[in-house]
Amino acid sequence: MSKSRIIANRWIYTGKLLKLELLQVRGPDGRAREREVVRHPGAVAIVPLLEEGDQRKVILVRQYRAPLDRELLEIPAGTLEPGESPLECAKRELAEETGYHARRWEKLAEFYTTPGFCDERLHLYLARGLEPLGGNRPDEGEFLRVEEIPLERLEEMLSSGELEDAKTLIGLALLARLLKL
């Protein structure tokens, strides 16, 4: 069986953050079909682990999300700037969204967020050795609150439905596995 391939494309929309492309794809059956694809520059997400003595907490942000018209509790995240490495972006976003700097960074995973219609690739990091910078500095138009969540609540939050954001579920599940919680 032959594989699918793109045979034509055209740009439908170009915005500040993303682009929408209409593809003509020939399937293995030989028939052409249209696919709408969101083109995204890529992003990072950070699992910030605050370790103070024997207490461990995860730093999350409660952020308004316009597509849902409500707030979600999430790990900090942000979009890659042109020419910026994923680690540079993660450091910038951690400081902006949480007001913390991390001394140690570990890459946990890289994955496509919604490959059915979008090419966004997310780079997921664990940040440890957190030091406060004196408050967060969200981007213009970003409305968020920083919350410190004790690790004891993590399993309950993962299974209760309180967390609904995919990158947050993945990041915290990987943290739980790493720490053997």
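The slack in the chain from Leu178 to Thr113, taken as 0.36 nm per residue of separation less the alpha-carbon distance, amounts to 21.3 nm. Summary of the geometry: the stretch 1-24 and the stretch 129-181, compared by the centres of their Cα atoms, lie 34 Å apart. Projecting label points 7 angstrom from Cα along Cα→Cβ for Arg137 and Ala32 puts them 5.1 nm apart.
The P(r) of the chain has a tail past 29 Å containing 29 percent of all C-alpha pairs.
Projected label points at Gln24 and Arg65, each 7 Å from Cα along the beta carbon direction, are separated by 3.6 nanometres. What fraction of the Cα pairs in the stretch 109-181, stated in percent, has a spacing above 14 angstrom? Counting pairs separated by more than 14 Å, the tail of P(r) holds 73 percent. Residues whose amide H falls under 5 Å from that of Asn9, counting only those 5 or more places apart or on a different chain, are Gln24, with hydrogens built in the peptide plane. Each residue of the stretch 66-73 was assigned a 3J(HN,Hα) from its phi angle through the Karplus curve 6.51 cos²θ - 1.76 cosθ + 1.60 (θ = phi - 60°); the sequence is 4, x, 9, 6, 6, 8, 10, 8 Hz, with glycine and proline shown as x. Spin-label model, Leu169 to His101: label points 7 Å out along the Cα-to-beta-carbon direction sit 3.6 nm apart.
Rounded to the nearest 500, the helix-only mean residue ellipticity at 222 nm of the chain stands at -5500 deg cm²/dmol, with each DSSP H run of n ≥ 4 adding -39,500 (n - 2.57). Using the Cα gyration tensor of the stretch 40-102, with a ≥ b ≥ c the square roots of its eigenvalues, what is the shape: rounded (a/c below 1.5), prolate (a/b larger than b/c) or oblate (neither)? The shape class here is oblate.
Counting only residues at least eight positions apart within a chain, or on another chain, the lysines with an alpha carbon under 28 Å from that of Lys19 are Lys3, Lys91, Lys107, Lys167.
Every number here is computed from the coordinates shown, using simple stated rules; none is lab data. Treat the numbers as computed from the prediction; the structure is a model and nothing was measured. Using ideal geometry, Cβ is built from the backbone for each residue, glycine included, and neighbour counts are taken over all protein chains shown.
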